[in-house]
1. Quick one: Ser340 ticks every box in (1) touching a Cys at 6+ places or on another chain (Cβ under 9 Å); (2) within 22 Å of Ile176 (Cα to Cα); (3) not aromatic (Phe, Trp, Tyr) except a single one, so which number is it?
2. Could you say which residue among Ala129, Ala188, Ala150 is aliphatic (A, V, I, L, M), within 16 Å of the chain's Cα centre (by Cα) and within 25 Å of Asp85 (Cα to Cα)?
3. Identify, from the list Leu193, Leu262, Leu269, the residue that is under 30 Å from Lys144 (Cβ atoms) and surrounded by 16 or more Cβ atoms within 10 Å (Cβ to Cβ).
4. Got a sec? Which helices (runs of 4 or more DSSP H) wholly within segment 300-417 have at least 3 residues that are surrounded by 13 or more Cβ atoms within 10 Å (Cβ to Cβ) and within 25 Å of the chain's Cα centre (by Cα)?
5. Touching a residue at least 12 places away in the same chain (Cβ under 8 Å), buried (at least 16 other Cβ atoms within 10 Å of the Cβ), of a type outside the set (Val, Ile, Thr) and not assigned by TED's automatic domain parsing to the domain that holds Leu388, is that true of Phe287?
6. Give the residue that is surrounded by the fewest Cβ atoms within 10 Å (Cβ to Cβ), with candidates limited to residues of segment 73-129 that are of a type in the set (Phe, Trp, Tyr) and under 30 Å from Gln215 (Cβ atoms).
7. Output the number of the condition that Ile145 fails; it satisfies all remaining conditions of (1) closer than 26 Å to Ser78 by Cβ; (2) surrounded by fewer than 22 Cβ atoms within 10 Å (Cβ to Cβ); (3) in contact with a Leu (Cβ under 7 Å, 6 or more places away or on another chain).
8. Hey, can you tell me all the residues within segment 3-21 that are out of contact with any helix residue (DSSP H, G or I) (no Cβ under 7 Å at 6 or more places or on another chain) and within 13 Å of Ser184 (Cβ to Cβ)?
Amino acid sequence: MGVARKSLIYDNSFDLPSSANQDLLIGLRLLIRTLRNIMKGEYCTSDVTHYIIAIDSNQRNRDTHLKYCRLNGLAPFSEMCTLEDSFNMKNVIGKLRLVVVSFSAFVIVLPFLLGKRRSNYALCMRYAAIIESTRLKLKGSKTKIVYDFAAYFNHSNLAALVFKSQGIEVVKVPSIVPLTAHLSGVIADALMLSTPYQLDEFQYFSQFMRVGRSQQAYPKHAEYLQKYRGQSIPSVLNCIGYYSHASWIRSKEKHVESQFGLPLQEEILVKYLSSFCFRSNLKLLIFTHPRERKIQNRIEVENHYKRLVEPYVEHQIYFDELPSSEIFELAEIGVGTMSSVLFERLLCGFKTLFFTENMKSFPIPNSDIKSICAIDLITLERLLQSALGINERDFFRQKSIATYKYSSDFYSQPDDV
């Protein structure tokens, strides 16, 4: 319960903007919103047997999650429960149960709704309804195993305790980014680890891990492996790729961010890479984040990078439709602060560097990935100079990060992707 409470109360949440902590009425607002959602929820049938069910935020990822199961040799699920249909119940009695659960949670957290973590406490009543709704659906479906693809949500650990108490096995599937972003504490029967760095974290945070077993696996959303696995695609030489985390937009939108959201550090990095490319006669290719590629943001994004990049530097801002994970070869070296695409570059065997100045939680001590992390601009200059011109195989060997590539012993080797 201590691990579950930490996730609920002290971890940042994607469910509310950062400004919610300033709203003295956030508890009442969320209670009303939750009750409205329950009343508006549709009626659905839940008596069909589904021994394996997946959980995620929406149905959009169903096909990619099924591919994940095939890729890693997991038994496929036959149904997916989502947050968007959490309040759909079989009958009126089910809706009344959710109302009672929500009111009960509201009474419990009421004394804390004026404190510093009021938004986290306020969300508890909504989470209580979501967990109870999901429990009822799992019970009605006679579910034996749950694949949790939304383990980053604050209520995931509490939900795991509830499901496990019903005799249901919980398998959690994090994204490829560091666990410390949202999963420094985990409750699960099985935890799927998709990078050697996550294995380092799993051992480092062992006191907060209540996990029956860990399993090494390819990451979810790994369609890009179809292109890069089993063939060597040469990189465009003399080109530095900057991979944006879009921290400046997240900050502007008051998006609740993890400790990896560092707008100032991203600006410093872009300015430095611009200078480095000018001095070294290299091209700078800016891989925009999906948030930055929205048409309505195009002019603002162009002006943002125009302010940071020196005018005489050969550069390009990438706005095309292909995801950055499908065009790794366009840059000889990829650099960024923190982004899933940097780990995906490593997985596919491309030279990659992290700029970690002022990051307090990455990398953890004694991890091999420290060899490609620059704690300041002086270190970054040295790492860039040493990486230019050498091939990928030598880069991975010299930096002792060969285990990060898809062909390493870390990963299982299914017959096809």
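The values are calculated or read from the model by the stated rules, or taken from the named source; none is laboratory data. All values reported here derive from a predicted model rather than from experimental measurement. Virtual Cβ from ideal backbone geometry, glycine too; neighbours counted across all protein chains shown.
1. (1)
2. That would be Ala150, the only listed residue that is aliphatic (A, V, I, L, M), within 16 Å of the chain's Cα centre (by Cα) and within 25 Å of Asp85 (Cα to Cα).
3. Leu193
4. By residue number, 340-347.
5. It is false that Phe287 is touching a residue at least 12 places away in the same chain (Cβ under 8 Å), buried (at least 16 other Cβ atoms within 10 Å of the Cβ), of a type outside the set (Val, Ile, Thr) and not assigned by TED's automatic domain parsing to the domain that holds Leu388.
6. Ranking the candidates gives Phe77 first.
7. The one condition Ile145 does not meet is (3).
8. Matches in segment 3-21: Lys6, Tyr10, Asp11, Asn12.
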